[in-house]
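The values are calculated or read from the model by the stated rules, or taken from the named source; none is laboratory data. These numbers were taken from a predicted model, which means no experiment stands behind them. Methodologically, a virtual Cβ is constructed for each residue, glycine included, from the backbone with ideal geometry; neighbour enumeration extends over all protein chains shown.
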Amino acid sequence: MAGIDYSALVERKPDGTSHLDLAIEGITCAACIGDIEHGLAGIPGLGRARLNYTNRRLAVDWTADALEPAAVVARLEELGYKAHPFEPSREEQVEAEEMRFLIRCLAVAGFAAMNIMLLSVSVWSGNVTDISDETRDLFHWVSALIALPAAAFAGQPFFRNASRAIRNRSMTMDVPITLGVSLALGMSVYETAHHAHHAYFDSAVMLLFFLLLGRVLDQVMRRKTRAVAGNLLALRADTAAVLDADGGVRELPVKAVKPGDLVLVRPGDRLAVDGEVVAGVSEVDASLVTGETMRETADVGSLVYAGTVNVTGALTVRVTAAAEGTLLQEINRLVETASSARSRYLRLADRAARIYSPIVHLTALLTAIGWAMAGAGLHDALITAIAVLIITCPCALALAVPATQVVASGHLFKAGVLLQAGDAIERMAECDTIVFDKTGTLTTPEPRIANAAAIPADLLALAGRLAVSSRHPLASTIRGEARGRRPLDAVVEEAGHGVRALVDGTEARLGSAAFCGAEAEAEAALREHPDATVMACAWGGRKAVILLHQVLRPDALEVVRGLAARGYRLAILSGDRERPVAAAAAALGIDAWRAGLKPADKIAALEAMAAEGRRVLMVGDGLNDAPALAAAHASLSPVTAAHLAQASADGLFLGDRLAPVAGAVSIARRAVAIMRQNLWFAVLYNLVAVPLAIAGFVTPLIAAAAMSGSSIIVTINALRARPGRTAGAPSAAPGLIPARRGATVAA
């Protein structure tokens, strides 16, 4: 990347350290994490290098002026990896291009394998009948004309990675693959030129096809959620209305806003800055940031944060943080830190490959040497060694995990769960503790009318029609539940109060209790339902109080009881107030709960559980849950969640029920059990097949057939990864998070 000034991309932190994010090309498996991090560790002055396997971003930290960023890039080039400035949109494009290239390679290998196999079948049948030498040679040369260019193109993903691994003096699965394919093709050309009865073009191309199939399946399952920064920008306004000294208003980019500036926040605007209110009174919806269900009153002296929504009145805010240092940025930093830590997880197949590859090479080499010492010619010794390389080629190992993941992800989709991380199934299966957020997770995402049955039908219908013309966030709930479809004519909205219109010559109102003259009725209703939000509707001297609050998801109790019966430890970590959290915990029978938590508090709680040896599945939906979702061992989020929460979760579940969460852990446990079966089968297959190949009883052709058969068996076994009774549930244990002192648990 000559010409790029990486120094200009360095972020200087207040603590004196420097930070740089780089996108890394050429990462193919989790083993690359250790290659890169260990390879950079020797750079003088480097503090930390952490590779996020999910989005291929390398985060580098060092003490200011201790090194030049170009030294990191140069070292990466020595390791065989290309680096360029990290840009989320660019990474999406790179991933899409890689996927298209893999599919093209798979198509070429599959087409070539089918055509070569047609020729090979003719040769095989002719060898036992009356095929002439000239005809057999012709078929072999035609096979060579198909196989050589096809292998040269389709084998690029393996050849490139093997070349880099050799330069770095490391060993990956791509090295024996490249060696086996190259030797099989080379020996086939030699055999064809010397009029031999057998050639192995079909074996080499079929080998590439199965391996590419595994690589494509793995890539499909590693579809990452990109552009976390872009999701944050969706929650943060790009501009702010800055007040001049003479009272004028200028729209400025957020980056141009400085601490101390005065910013006007109009009703309905999303705050672009953190700051302190110096004038005005309004209600602020901070649910995405804090998890608090009720809207907060903001007046002079109140602190407000970027990403929250100003609901009613206009506010004048003195800026404390704008482009840098906002609460949104702090949440994003926590997400990135947690994601980087989690990316160090190495899957079963990757760990096996670290040992598998050098053993394969050593076995093939010793086989060739042994046959040569026993008096066999060079030709026979090489043929036997090639058979060993082919029969031990890790097709079954490469398919063991991806094939099961694809089948399991299909069943998860049917169960209402969409996966976003390639290793999510494995991590969910390992979890023994499930932690829920309350707001929008255990409860419905939107408030519901709690007393709809007590409201006269005509007043409720009228409220729904009035709500159609209102921009207030709660109006959508009333509009939906009261089935308001057709708006009234000449509706007037009074900001901060409500809406009014003439109906049959009489004024109808929907809004606050004071706006509708229903203060006494509202006070009486709040005494019975202190956690509800109150709105009112009035028409012709009749008044109705509308109580809005979030309710538990329809099957929340059933799902929680089922998970507890299977031995999972359950807890609630919420940013909401104690009273509603305690009520939800009591209704569900969850003894371990905490309320009023900030994002960092949730991470601390998860870290405490991890220190106890627990593996946590976090289920949450809010922006304040995003760091915890990234920090947990595994995580799920409802599809209605905040964008950043969705980006941080390993999977999304659909609908307004919790059943997909229970289904996800059940399917994941069964899928991982099948993955282990496939891996053990791959091991047993090699224990049986390798000695036969070493003894010379297996030709490269038979080796290719055996290798293909093992791949087919693994794939068929993967089809069993469907929902079933979960075995081996973790043992039950007492609650891990004590309720806060003084908390009142009410049903």
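Suppose the filter is touching a residue at least 40 places away in the same chain (Cβ under 8 Å), part of a helix (DSSP H, G or I) and either buried (at least 20 other Cβ atoms within 10 Å of the Cβ) or among the polar types (S, T, N, Q) (or both); does VAL698 pass it?
no
Mind listing whichever residues of the stretch 667-677 are over 19 Å from the mean Cα position of the chain (by Cα) and of a type in the set (Gly, Ala, Ser)?
Listed by number, the list holds a single entry, ALA673.
Kindly check whether there is at least one residue in the stretch 625-638 that is within 22 Å of THR715 (Cα to Cα), part of a helix (DSSP H, G or I) and within 21 Å of the chain's Cα centre (by Cα).
Looking for residues that are within 22 Å of THR715 (Cα to Cα), part of a helix (DSSP H, G or I) and within 21 Å of the chain's Cα centre (by Cα), one finds none in the stretch 625-638, hence no.
Scan the strands (runs of 3 or more DSSP E) fully inside the stretch 484-539 and keep the ones with 1 or more residues being more than 24 Å from ARG266 (Cβ to Cβ) and modelled with pLDDT of 85 or more.
Where strands (runs of 3 or more DSSP E) fall fully within the stretch 484-539 and carry at least 1 residues being more than 24 Å from ARG266 (Cβ to Cβ) and modelled with pLDDT of 85 or more, they are 498-503, 506-511, 533-539.
I need the full set of residues from the stretch 438-458 which are among the hydrophobic types (A, V, I, L, M, F, W, C) and in a loop (DSSP other than H, G, I, E, B), in order please.
ALA450, ILE455
Can you name the residue in the stretch 34-44 that is in a helix (DSSP H, G or I) and modelled with pLDDT of 70 or more and, of all such residues, is surrounded by the fewest Cβ atoms within 10 Å (Cβ to Cβ)?
HIS38
Taking the stretch 572-589 on its own, how many of its residues are more than 18 Å from ASP555 (Cβ to Cβ) and crowded, with 24+ Cβ neighbours inside 10 Å?
Residues flagged as more than 18 Å from ASP555 (Cβ to Cβ) and crowded, with 24+ Cβ neighbours inside 10 Å within the stretch 572-589 amount to 5.
This table checks each residue for (1) of a type outside the set (Ser, Thr, Tyr); (2) over 18 Å from LEU474 (Cβ atoms).
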residue	(1), (2)
GLU528	yes, yes
CYS537	yes, no
PRO554	yes, yes
GLU558	yes, yes
LEU563	yes, yes
GLY567	yes, yes
SER574	no, yes
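Mind checking which residues of the stretch 112-140 are among the aliphatic types (A, V, I, L, M) and either touching a Phe, Trp or Tyr at 6+ places or on another chain (Cβ under 8 Å) or part of a helix (DSSP H, G or I) (or both)?
Within the stretch 112-140, ALA112, ALA113, MET114, ILE116, MET117, LEU118, LEU119, VAL121, VAL123, LEU138 meet the criteria.
Does the stretch 559-576 hold any residues that are touching a residue at least 24 places away in the same chain (Cβ under 8 Å), assigned to a helix (DSSP H, G or I) and over 23 Å from GLY596 (Cα atoms), and which are they?
The answer is VAL559, ARG561, GLY562, LEU563, ALA564.
With the checklist (1) modelled with pLDDT of 75 or more; (2) within 25 Å of the chain's Cα centre (by Cα) in hand, flag the one item ARG318 doesn't pass.
Failed condition: (2).
Considering each of ALA605, ALA611, ALA600, ALA659 in turn, give the residue that is free of Cβ contacts under 8 Å to residues at least 24 places away in the same chain and over 13 Å from the mean Cα position of the chain (by Cα).
ALA611
If you go through the stretch 665-684 one residue at a time, do you hit one that is aromatic (Phe, Trp, Tyr) and crowded, with 20+ Cβ neighbours inside 10 Å?
no
Name the residues in the stretch 405-437 that are in a helix (DSSP H, G or I), modelled with pLDDT of 75 or more and either small (Gly, Ala, Ser) or crowded, with 24+ Cβ neighbours inside 10 Å (or both), would you?
ALA408, LEU412, ALA424, ILE425, MET428, ALA429
Could you list, in sequence order, the residues of the stretch 276-315 that are at pLDDT 85 or above and on the phi > 0 side of the Ramachandran plot?
Within the stretch 276-315, GLY280 is the sole residue that qualifies.
Is it fair to say GLY663 is outside any helix (DSSP H, G or I), of a type in the set (Gly, Ala, Ser) and within 22 Å of TYR568 (Cβ to Cβ)?
So GLY663 fails the test.
Residue by residue through the stretch 133-165, note down the ones that are within 43 Å of the chain's Cα centre (by Cα) and farther than 26 Å from ARG104 by Cα.
Of everything in the stretch 133-165, nothing turns out to be within 43 Å of the chain's Cα centre (by Cα) and farther than 26 Å from ARG104 by Cα.
Matching residues to (1) surrounded by 22 or more Cβ atoms within 10 Å (Cβ to Cβ); (2) touching a Leu at 6+ places or on another chain (Cβ under 9 Å); (3) at pLDDT 85 or above:
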position	(1), (2), (3)
GLN156	no, no, yes
ALA165	yes, no, no
ASN168	no, yes, no
MET173	yes, yes, no
ILE177	yes, yes, no
ALA193	no, no, yes
TYR200	yes, yes, no
LEU211	yes, yes, no
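All but one of (1) modelled with pLDDT under 85; (2) closer than 30 Å to GLY589 by Cα; (3) not in a strand (DSSP E or B) hold for LEU548; state the number of the condition that does not hold.
(3)
Of the residues SER143, SER89, only one is farther than 23 Å from GLY26 by Cβ, in a helix (DSSP H, G or I) and either modelled with pLDDT under 75 or of a type in the set (S, T, N, Q) (or both); which?
Checking each option against the conditions leaves just SER143.
Listed residues ALA150, ALA109; which is touching a residue at least 60 places away in the same chain (Cβ under 8 Å), in contact with a Phe, Trp or Tyr (Cβ under 8 Å, 6 or more places away or on another chain), in a helix (DSSP H, G or I) and buried (at least 23 other Cβ atoms within 10 Å of the Cβ)?
Answer to the check: ALA109.
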